[in-house]
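Peer 1: I'd like to ask some things about the structure below.
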Amino acid sequence: MGRREWLTETGWRQAYDGGIRTVIDLRNPEEIRRRDTDPRVGAATLAAFDVVHAPTEDPGNSEFRALCVPYLNDPASYPDNARIFPGKLAAVFKAVAAAPGGVVLHCSAGRDRSGMVAAMLQDLAGAGDDAIAGAYERAMRGINEHHRVSATPHPYERYLPEDVLATLITRRRESLLHFVRQVKTEEFLGRNGVSVAELAALRDKLGARADG
C-alpha cells in the first residue's frame, strides 16, 4: 500500500482483524512524517503493530540518482535497483520471513518500491504473468485516483486521464514482466543472503508449494 499515515483508525482495526501484525515500511527515513491532512490514529491502535523500516534504496547513491529521476517510478528501473542495492532488497524479504502474523508492505505511493517487492513475492509464490502485471496495474490506477482527489498536490505527478494512463500501463506492464523474468527471485535472494530456512518461511507465508 501507500503511506501508512493515510490509514484511518477504522482501517488499522480492519487490518488487525484481518491478521496483520507487521508493517514493513520501504521508505527512506526522510520521507517518514505525518501531514496535516493525515487522519489521527490512537497510540493504542498503532501499538498493536510492529513497524519495520527496510528501505529498498539509498537515495544518496549517485548512480541510482542518475538512473532513477526524480525517483524510482517505472519498472524499467527495477533491474538497476536490484543490481545496485541487492542487500537492501534481500533485507526486505528477510524481514517478511521473520515477521509474526500477516504482513503489509508499503512505500509512499504503493506502486513502485512496493510493486517491485510484491512482484518478486508473487514470482516466488509461482504467480503467472497476468496476476503479477494485474497487481501492478491496480496499484497504478489506485495512486492515479488518489492524485485526482488528494488535497495535497504531488510535487511531480498529476492525475492522468484514461487514454494517457492506459498507454503508460501497457508499457510498464511489459517492463515489469521483463524484470520478473530476468531477476529469478529465488536465485537472487539465495545469492544475497536469504537462507533456505527464510525462503521456506516466505513460501509458507505466501502459501506456495515447496516445488514452486
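The values are calculated or read from the model by the stated rules, or taken from the named source; none is laboratory data. Bear in mind the structure is a predicted one, so any value in this text is a computation, not a measurement. Note: ideal-geometry Cβ built from the backbone for every residue, glycine included; neighbour counts use all protein chains shown. Remember, those area values only see protein heavy atoms, side chains included, never the ligands or the DNA or RNA. Shrake-Rupley method; radii C 1.70, N 1.55, O 1.52, S 1.80 Å.
Peer 1: Using R₀ = 30 Å, calculate the FRET efficiency as 1/(1 + (r/R₀)^6) where r is the Cβ-Cβ separation of ASP129 and LEU67; round to 0.05.
Peer 2: Values: r = 25 Å, r/R0 = 0.84.
Working from the Cβ atoms, E equals 0.75.
Peer 1: Any chance you could look up the accessible area of HIS53 with a 1.4 Å probe, heavy atoms only, rounded to 10 Å²?
Peer 2: In the full protein context, HIS53 sits at about 100 Å².
Peer 1: Right, here's the next one. Using a Gaussian network model on the chain with a 10 Å cutoff between Cα atoms, which of ALA90, ALA43, ALA127 fluctuates the most?
Peer 2: In the Gaussian network model the winner is ALA43.
Peer 1: Still on this structure: Averaged per residue, what accessible area in Å² does the chain show with a 1.4 Å probe, protein chains only?
Peer 2: Here the residues of the chain average 51 Å² of exposed surface.
Peer 1: Continuing with the same structure: Could you order THR45, THR56 by accessible surface area, starting with the largest, using a probe radius of 1.4 Å? Mind dumping the intermediate values first?
Peer 2: Details: THR45 25, THR56 0 Å².
Per-residue accessible area, sorted high to low, gives THR45, THR56.
Peer 1: With all protein chains present and a 1.4 Å probe, how do VAL164, VAL196 order by accessible area, largest first?
Peer 2: Numbers: VAL164 70, VAL196 125 Å².
Sorted descending by solvent-accessible area, the residues read VAL196, VAL164.
Peer 1: A follow-up question, please. Which of rounded, prolate or oblate describes the stretch 22-106 when judged by the alpha-carbon gyration tensor and an a/c cut-off of 1.5?
Peer 2: Working: a/c = 2.83, a/b = 1.51, b/c = 1.88.
Verdict is oblate for the stretch 22-106.
Peer 1: While we're here: Which of the listed residues, VAL96, TYR16, LEU72, is farthest toward the dipole's positive end in the stretch 1-150, when Lys, Arg count +1 and Asp, Glu count -1 at the beta-carbon?
Peer 2: TYR16
Peer 1: Compute, for VAL149, the solvent-accessible surface of its heavy atoms (probe 1.4 Å) with the complete set of protein chains present, and express it in square angstrom to the nearest 10.
Peer 2: Near enough 90 Å² of accessible area.
Peer 1: Say a site is exposed when it is one of the trypsin sites (Lys or Arg not before Pro), sits in a DSSP loop, and has at most 16 other Cβ atoms within 10 Å; what is then the longest site-free stretch of the chain?
Peer 2: Working: sites that count: ARG33, ARG34, ARG35, ARG40, ARG158, LYS184, ARG209.
Longest gap between qualifying sites, sites excluded: 41-157.
Peer 1: Further question: Take the Cα gyration tensor of the stretch 1-159, multiply each eigenvalue by 5, square-root it, and list the three semi-axes largest first, rounded to whole angstrom. Show your work: numbers first, answer last.
Peer 2: On the way: eigenvalues 111, 80, 54 Å².
Its equivalent ellipsoid spans semi-axes of 24, 20, 16 Å.
Peer 1: Helix-only estimate, please: 222 nm mean residue ellipticity of the chain, summing -39500 (n - 2.57) across DSSP H runs of length 4 or more and dividing by its residues, to the nearest 500.
Peer 2: Details: 10 runs with 113 residues, N = 212.
The helix-only estimate for the chain comes to -16500 deg cm²/dmol at 222 nm.
Peer 1: Right, next: At a Förster radius of 45 Å, what calculated FRET efficiency corresponds to the Cβ-Cβ distance of ALA200 and ARG141, to the nearest 0.05?
Peer 2: On the way: r = 34 Å, r/R0 = 0.76.
Approximately 0.85, to the nearest 0.05.
Peer 1: With a 1.4 Å probe and all protein chains left in place, how much of the accessible area of the stretch 59-212 comes from carbon and sulfur atoms, in whole percent?
Peer 2: Values: 4050 of 7510 Å².
Here it works out to 54 percent.
Peer 1: Net charge near ARG3, counting Lys/Arg +1 and Asp/Glu -1 over other residues with Cβ under 10 Å of its Cβ? Kindly include the intermediate steps, with their values, before the conclusion.
Peer 2: Details: positive: ARG4, ARG27, ARG33, ARG34, ARG35; negative: GLU5, ASP25, GLU31, ASP38.
Summing Lys/Arg as +1 and Asp/Glu as -1 gives +1.
Peer 1: What's the extension gain from ARG13 to ARG158 if we count 0.36 nm per residue and subtract their Cα-Cα distance? Don't jump to the answer; show the numbers that get you there.
Peer 2: On the way: separation 145, 0.36 × 145 = 52.20 nm, distance 3.08 nm.
Taking 0.36 nm per residue and subtracting the Cα distance, the gain is 49.1 nm.
Peer 1: Here's another thing I want to ask about it. At a probe size of 1.4 Å, how large is the accessible area of MET140, to the nearest 10 Å²?
Peer 2: Around 10 Å² of this residue is reachable by solvent.
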